[in-house]
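> I have a structure here, written as structure tokens, and I will follow up with some questions on it.
The values are calculated or read from the model by the stated rules, or taken from the named source; none is laboratory data. Predicted, not measured: the structure shown is a model, and the values here were computed from it. Note that each Cβ is placed from the backbone with ideal geometry, even for glycine, and that neighbours are counted across all protein chains shown. Only protein heavy atoms, including side chains, enter the accessible area calculation; ligands, DNA and RNA are left aside. Shrake-Rupley method; radii C 1.70, N 1.55, O 1.52, S 1.80 Å.
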Amino acid sequence: MSSAIVRWGGLAGVVAGVMFVLAVILILIAPPQRAFSSFSDYLIEIILIVAFAGTLITIAGLHALQSGRYGRLGAAGSLIAFIGYALIIMVTAATMLTGGEALHNVRLVGGLAVLIGSILLGAMTLRAQLLPWWCGVLLIIGFPLGDVLDEIVARGSEAIVFGILWGLVGYALLSLRGTVAVQPSRVDRTVENH
């Protein structure tokens, strides 16, 4: 485990959480239009790009912490979620550059990757038992819950859920500093036993 990557992942998670909440506040103050027509429309997209970039760093921190403990499914979950969020960043940037919705099908693929990857990552986080149990649960339910709330409650609900999810996961990663020793991988333990 690289403690620097875990620490950066924790900081990035907290920053991502704050950025998601800031985006919601701006959405409530100045709801974005279909076609970008104001400074606030662009500002919201920039804040979301920063939030999603922080999410990518947090996923890398989660992987650095747990890679020796959560196996191939955890690694696959990290990779799939990372790719999904990267696609969403790309779509968000394209939307901002074109001034309106762009690459809708790519956004759907990114969303599906985030869903599958987050569920795998959350389940394997529960299995690894290096973080509090609620981190795994938040990873599993965060994306579907945010999507449902965005549809039935109000636009921006998903960003609130993401802010809570990534802010708390970032906090959990930061709170490990100095309390978790380097975890030997299963390969290391197998070699020691022989």
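> Taking segment 124-170 as the search range and keeping residues that are acidic (Asp, Glu) and in contact with a helix residue (DSSP H, G or I) (Cβ under 8 Å, 6 or more places away or on another chain), which one is modelled with the lowest pLDDT?
So, considering only residues that are acidic (Asp, Glu) and in contact with a helix residue (DSSP H, G or I) (Cβ under 8 Å, 6 or more places away or on another chain), the one modelled with the lowest pLDDT is Asp150.
> When both residues are 6+ apart or on different chains and their Cβ atoms are under 7 Å apart, which pairs have a first residue that lies in segment 36-57 and is of a type in the set (D, E, K, R), and a second that is assigned to a helix (DSSP H, G or I) and at pLDDT 85 or above?
Partner pairs satisfying both residue conditions: Glu45/Thr92.
> Let me ask you something else. Pull out all pairs, ordered by first then second residue, where Cβ-Cβ is under 9 Å, the residues are six or more apart or on different chains, the first lies in segment 66-78 and is in a helix (DSSP H, G or I), and the second is open to solvent by 40 Å² or more (accessible area, probe 1.4 Å) and of a type in the set (Ser, Thr, Tyr).
Gly74/Ser67; Ala75/Ser67; Ser78/Ser67
> If Leu43 satisfies all but one of (1) of a type outside the set (Ser, Thr, Tyr); (2) open to solvent by 10 Å² or more (accessible area, probe 1.4 Å); (3) closer than 20 Å to Leu173 by Cβ, what's the number of the condition it fails?
Answer for Leu43: the failing condition is (3).
> Still on this model: Suppose we keep only residues that are open to solvent by 40 Å² or more (accessible area, probe 1.4 Å) and not charged (D, E, K, R) within segment 61-74. Which one would you say is nearest to Cys135 (Cα to Cα)? I'd like the intermediate steps shown before the answer.
Step one: filter segment 61-74 for residues open to solvent by 40 Å² or more (accessible area, probe 1.4 Å), giving 63, 67, 69, 72-73.
After this cut, where a residue has to be not charged (D, E, K, R) as well, the list is 63, 67, 73.
Details: His63: 13, Ser67: 16, Leu73: 17 Å.
Checking each candidate, the answer is His63.
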